[in-house]
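The values are calculated or read from the model by the stated rules, or taken from the named source; none is laboratory data. Remember, predicted model here, so these are calculated numbers, not experimental data. All Cβ positions, even for glycine, are placed from backbone atoms using ideal geometry, and neighbour counts span all protein chains on display.
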Amino acid sequence: DSQFVCLGTMFTKDIVIQKFGEDRFTDSQKVLIARGFILFIVAVTYGFSVALMDTAQVFALGVWCFSGFAGLFPLVFAAIYWKRATAAGVISSIIATTITWCILFYNDIIAKKPPGESDELLIAGMMPVTLIFAVSAITLVVVSLITPKPSDSTLRKFFV
């Protein structure tokens, strides 16, 4: 629920208002835009869940949701503590995490191909979050190190 509210707020502020301007909408219109987007996302999510999932896979879906969020932890940690993280590293990490998650999710849930032994959510004996987390962290570090470091003004802006 709070994640949907967050998505609605981000959509309204970062996409709609950025594209059309702050002065174009009243506060009540902004709230309606956010609520409309939330309803749309909930409807799409519900549609996918009905079309693609059977109820026996609710736990598996929970594992995949956790894997996606946990895969972005290296990015959040680096944004707070690592001054050498770059925009290219962050974007590459998000893309690599998303692609890895989608491939593994597709093989397990959509195509119903077991990724590991004994038809479980295992990849080489590990939960998928392990591989997703590793891909995220490695991509972030490697791309950040091979691209120019952030400028001093950028570092001063984000690190006191």
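Just a yes or no: is a residue in the range 108-125 modelled with pLDDT of 90 or more and closer than 21 Å to F59 by Cα?
No, the range 108-125 has no match at all.
Taking into account only those residues within the range 61-85 that are in a loop (DSSP other than H, G, I, E, B) and hydrophobic (A, V, I, L, M, F, W, C), which is modelled with the lowest pLDDT?
Among residues in the range 61-85 that are in a loop (DSSP other than H, G, I, E, B) and hydrophobic (A, V, I, L, M, F, W, C), the one modelled with the lowest pLDDT is L72.
Taking the conditions exactly as written (over 19 Å from the mean Cα position of the chain (by Cα), under 27 Å from I94 (Cα atoms) and either among the hydrophobic types (A, V, I, L, M, F, W, C) or at pLDDT below 90 (or both)), does I41 satisfy them or not?
Judged against the criteria, I41 is not a match.
Could you tell me whether the range 59-68 includes any residue that is of a type in the set (V, I, T) and outside the structural domain of I99 (by TED's automatic domain parsing)?
no
Quickly run through the range 19-34 and pick out the residues that are of a type outside the set (V, I, T) and surrounded by 14 or more Cβ atoms within 10 Å (Cβ to Cβ).
Across the range 19-34, the qualifying residues are F25, K30, A34.
Could you check V58 against (1) assigned to a loop (DSSP other than H, G, I, E, B); (2) free of Cβ contacts under 8 Å to residues at least 60 places away in the same chain and say which number it fails?
(1)
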